[in-house]
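Before any comments, here is the structure.
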Amino acid sequence: MAGMQDSLSAKYSKWDNIELSDDESDCHPNIDKDSWFRMKHRSRVEREENEDAEKQKLTAQNKGDEERLAEVRERLAEEEEEEDKEALEEEIKDLEASIAKRQKRLDEMEANKKWNVDNMCHVVEERTIVSNKSDTTKTSELPAHLVEAQKAREAARAAEAGELPVGPRTERKEIENYADFVNEYEDLLEKYIDTHSMEECKQLMHMNGDVLLQENASSYLLLSCLEEEMNGNHEKMRHVARQSQILSHITELAASLKRAPRDVVLPFFNRIAEDEHRRGFQEAVDGFITRIQKRAVDKRKEMDEEEKQRRLAGEGEEEVELSKEERMGPGGLDPVEVFESLPESMQDAFESKDMQKLQEALQQMPIEEVKYHMKRCEDSGLWVK
């Protein structure tokens, strides 16, 4: 009997965490019950959505690491060089530790899961029986809202089945893809840029190679180099150039060996520690810096030319004459009328925007006349204190 009780206790223990949105025990007597229930339900839904999102993220990361783990183990069995074997074994340990850590978190979430009316039960089997008589209703005979609903269902099925549009990606799509990448991984990219130690750089690359070795990451560092140079931050540009060349060299080395870029991260840093390889790498960095400096000069010239063209285009635009009401200054005077009433010497000073001329013109007038004209200039907006 004791064994049966233990078995039943273990079997039904998960129902100990049942959560009821309409539980009145914790509702204050001064709070409307319906509002309290709605608030509890909304809080529960938001919490479950956050938990589901975290579970999906952890599961997806584990799946990616498990696939990578299988690939690394397969290559380890084929690898002959002792140096590369050590690198692969170290990567296996890191992957196993990451998977175990995420799985522990998933197990904790499942053990502490709150049960409610929405997740206690689920459909085990579902069948749809279709009559042998064919449906002769044409889409064109259906109401408009049903036609739209049918199209939406078909599009959803196609998306779920992975039937995505085929063809080359447009420039707009590429830009959107890059923007999404930067929005998601900008903190990691900036952390990589700010890493100075080669050892720390190796560890960061080893743990986040799936992100840092993407083409969008290289594009981000290239643009950062150009921006730093154009802003006059030459030393920062030289460092970013080195970080950019690390990505490029790893990618090129992987392509020459016909291996995945992540496979050659540790071997690359081991080889770069040797004098001969380090000198060759530094020569490549120096060449890249020279190209960035040249591009920055050309880019500045292009920007100056574009600004010049914009100014010319602005000068060529047809001027629109404002009405008197639209021209009125802060004191209610028309700047055109005030300007035409000024002495010729003051008009010349305003037209040439020459402060020295204006001062000389005012010095030639009596003080009362100066106060009169300057007050009218302020009220019309010609002169701002």
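Odds and ends about this structure:
- Enumeration of residues in the range 248-265 that are part of a helix (DSSP H, G or I), modelled with pLDDT under 85 and either surrounded by fewer than 20 Cβ atoms within 10 Å (Cβ to Cβ) or among the basic types (Lys, Arg) (or both): LEU253, ALA254, ALA255, SER256, LEU257, ARG262
- Of the candidates GLU229, GLU199, the single residue that is at pLDDT 85 or above, over 28 Å from GLN293 (Cβ atoms) and surrounded by 10 or more Cβ atoms within 10 Å (Cβ to Cβ) is GLU199.
- Annotation note: of GLN347, GLN282, the sole residue that is in a helix (DSSP H, G or I) and open to solvent by less than 80 Å² (accessible area, probe 1.4 Å) is GLN347.
- Residue-level analysis places ALA361 outside the set of residues that are within 16 Å of VAL384 (Cβ to Cβ) and crowded, with 16+ Cβ neighbours inside 10 Å.
- Out of ALA100, ALA70, sole residue that is among the hydrophobic types (A, V, I, L, M, F, W, C), more than 30 Å from ILE272 (Cα to Cα) and at pLDDT 70 or above: ALA100
- Annotation note: of GLU302, GLU315, the sole residue that is modelled with pLDDT under 80 and either assigned to a helix (DSSP H, G or I) or of a type in the set (S, T, N, Q) (or both) is GLU315.
The values are calculated or read from the model by the stated rules, or taken from the named source; none is laboratory data. Only a predicted model underlies this, so the values are computations on that prediction, with no experimental measurement involved. Here Cβ is always computed from backbone atoms with ideal geometry, including for glycine, and neighbour counts include all displayed protein chains. Just the protein is used for accessible areas: all its heavy atoms, side chains included, with ligands, DNA and RNA removed. Shrake-Rupley method; radii C 1.70, N 1.55, O 1.52, S 1.80 Å.
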